[in-house]
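Down below is the structure, laid out as structure tokens.
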Amino acid sequence: MARPPAQLPDAGELRERVDAQGRLAVKVTPGAREESVTLTPDAVLVKVRAPADKGAANAAVLAVVARALGLAPSRVRLLRGATSREKLLAVEL
């Protein structure tokens, strides 16, 4: 059975969450059933299927956020939070 596609918000709404320095704060749930990016009033929640093991979840977060923003994966990188669920990403819009 094929996996359902990731549930992603409107790219414009997500781009509004990127600050003037090109940073985006996210809260991550590794090992989730499905991949998604959810916008709440106070946070950007990212769920990825990859486990939190050897950086697999971090790579998946970067890929899902880049897809949600409509950017190439190389334009999103991890600034802080490599071992934390709360991460700060650098986004080149």
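The values are calculated or read from the model by the stated rules, or taken from the named source; none is laboratory data. Keep in mind it's a predicted model, so treat the numbers as computed, not measured. Quick reminder, even Gly has a Cβ in these numbers, built from the backbone with ideal geometry, and neighbours come from all protein chains shown. Just so you know, the surface numbers come from the protein's heavy atoms only, side chains and all, with ligands and any DNA or RNA stripped out. Shrake-Rupley method; radii C 1.70, N 1.55, O 1.52, S 1.80 Å.
Normalised per residue, the accessible area of the chain is 62 Å², obtained with a 1.4 Å probe and no contribution from ligands, DNA or RNA. Averaged over residues, the count of other Cβ atoms within 10 Å places the peptides 63-69, 11-17 in the sequence 63-69, 11-17, highest first.
Length available on full extension from A20 to A59: 0.36 nm per residue minus the Cα-Cα distance, which gives 11.6 nm. With r as the distance between the Cβ atoms of D10 and E86 and R0 = 30 Å, compute the FRET efficiency 1/(1 + (r/R0)^6) and round to 0.05. Rounded to the nearest 0.05, the efficiency is 0.80. With each label modelled as a point 7 angstrom along the Cα→C-beta vector, the T40-L79 pair spans 2.2 nm.
How much net charge surrounds E34 when only other residues with a Cβ under 10 Å from its Cβ are counted (Lys, Arg +1; Asp, Glu -1)?
Details: positive: R3, R33, K47, R49; negative: E35.
Its environment carries a net charge of +3.
Just from its helices, what would the mean residue ellipticity at 222 nm be for the chain, if runs of 4 or more DSSP H residues each count -39500 (n - 2.57) and the sum is divided by every residue, rounded to the nearest 500 deg cm²/dmol? Using -39500 (n - 2.57) per qualifying helix, the result is -6000 deg cm²/dmol.
On the protein heavy atoms, probe 1.4 angstrom, tell me the percent of accessible surface of region 15-58 carried by carbon and sulfur.
Its accessible area is 47 percent carbon and sulfur atoms.
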